[in-house]
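Trainee: Input: one structure, supplied below.
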Amino acid sequence: MYSVFTLEKLDNVKIILKDYKPKIKKMMDIILEIDELKTNKIFSENISKIRFDIAFCNDETIWQINKEYRQKDSPTDVITFSLFADDENALIYRKTADLGQIIVSVETAKKQAKESLEREILTLICHGVLHLFGFDHLTKKDYDFVVGIQNRVMERL
C-alpha cells in the first residue's frame, strides 16, 4: 500500500510546500508499517493506495472553520475532515481509499513549536493522519494510544 497526497495553501502563509513532500511520504511509510494500526479497516480491505489532502492556513481561517464545523469559537492547530474513519461508509474506489483532509494552522504551529516549525507541522500532520484513519482521543486511553503512535512515528522520522 502506498499514499498519495496533495498540499495547498488556503491563505498567504509562509510555507514552502515542496519541502514537506518527501518528509510526509516517509512519515506515511512509517505509519503504514505500525503493527498496532493493522486492526484498522484500511488494512483489511483490498486497498492499494490511500489518498488525502493537506491544507495550510492562518489562525483566522482555522478559527472560522473551527467555529462553523466544530462550534468552537477559537483557533486550533489542526482539524481533520475524515471520509474514511474506519467505518462502513468508507470511501473506497478502484482500490483507493480517500481518507479526507487535514487543515493545519501555520500560525498556531509556529506558537507551539518547541524544536522547529517544520517538526511541529509534521507532528500535526501525523496526528491528523491518525484521525483520518479513525483514531480519536476522547478518553485518556485513546489519547495515550494516538499520542504514543504519533511520538513513535516522529522519533523514526
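The values are calculated or read from the model by the stated rules, or taken from the named source; none is laboratory data. Computed from a predicted model, the values in this text were never measured in an experiment. Cβ sites come from the backbone with ideal geometry, for glycine too, and all protein chains shown count toward neighbours.
Trainee: Give me a count of the residues in the stretch 117-134 that are surrounded by fewer than 20 Cβ atoms within 10 Å (Cβ to Cβ), without any contact (Cβ under 8 Å) to a residue 60 or more places away in the chain and either farther than 20 Å from L7 by Cα or of a type in the set (D, E, K, R) (or both).
Mentor: Result for the stretch 117-134: 1.
Trainee: Okay, next question. Being assigned to a helix (DSSP H, G or I) and crowded, with 17+ Cβ neighbours inside 10 Å is the filter here, so list the residues in the stretch 38-53 that pass it.
Mentor: K41, I42
Trainee: Still on this structure, please answer the following. Taking the condition surrounded by fewer than 17 Cβ atoms within 10 Å (Cβ to Cβ), of a type in the set (A, V, I, L, M, F, W, C) and touching a Cys at 6+ places or on another chain (Cβ under 8 Å), does L17 pass?
Mentor: no
Trainee: Taking only the stretch 54-67 into account, find how many residues are among the charged types (D, E, K, R) and surrounded by 17 or more Cβ atoms within 10 Å (Cβ to Cβ).
Mentor: Selection size over the stretch 54-67: 1.
Trainee: Please count how many residues of the stretch 90-110 are part of a strand (DSSP E or B), β-branched (V, I, T) and at pLDDT 85 or above.
Mentor: 3
Trainee: Could you grab me the full set of residues in the stretch 137-148 that are surrounded by 15 or more Cβ atoms within 10 Å (Cβ to Cβ) and either touching an Asp or Glu at 6+ places or on another chain (Cβ under 6 Å) or among the hydrophobic types (A, V, I, L, M, F, W, C) (or both)?
Mentor: F145, V146, listed by residue number.
Trainee: When you look at E60, is it in contact (Cβ under 8 Å) with a residue 24 or more places away in the chain, among the acidic types (D, E), under 18 Å from D136 (Cα atoms) and out of contact with any Leu (no Cβ under 6 Å at 6 or more places or on another chain), yes or no?
Mentor: Spelling it out, it is not the case that E60 is in contact (Cβ under 8 Å) with a residue 24 or more places away in the chain, among the acidic types (D, E), under 18 Å from D136 (Cα atoms) and out of contact with any Leu (no Cβ under 6 Å at 6 or more places or on another chain).
Trainee: Now for a separate question. Out of (1) over 15 Å from C126 (Cβ atoms); (2) assigned to a helix (DSSP H, G or I); (3) not acidic (D, E), the odd one out for S74 is which?
Mentor: Result: S74 fails condition (2) only.
Trainee: Name the residues in the stretch 111-157 that are among the aromatic types (F, W, Y) and assigned to a helix (DSSP H, G or I), would you?
Mentor: Scanning the stretch 111-157 gives Y143, F145.
Trainee: Can I ask one more? Which ones in the stretch 135-157 are of a type in the set (K, R) and in contact (Cβ under 8 Å) with a residue 24 or more places away in the chain?
Mentor: Within the stretch 135-157, R152, R156 meet the criteria.
Trainee: Exactly one condition in (1) surrounded by fewer than 16 Cβ atoms within 10 Å (Cβ to Cβ); (2) among the charged types (D, E, K, R); (3) closer than 30 Å to S48 by Cβ is not met by R70; state its number.
Mentor: (3)
Trainee: Every residue in the stretch 32-62 that is over 18 Å from the mean Cα position of the chain (by Cα) and modelled with pLDDT of 95 or more, please.
Mentor: E60
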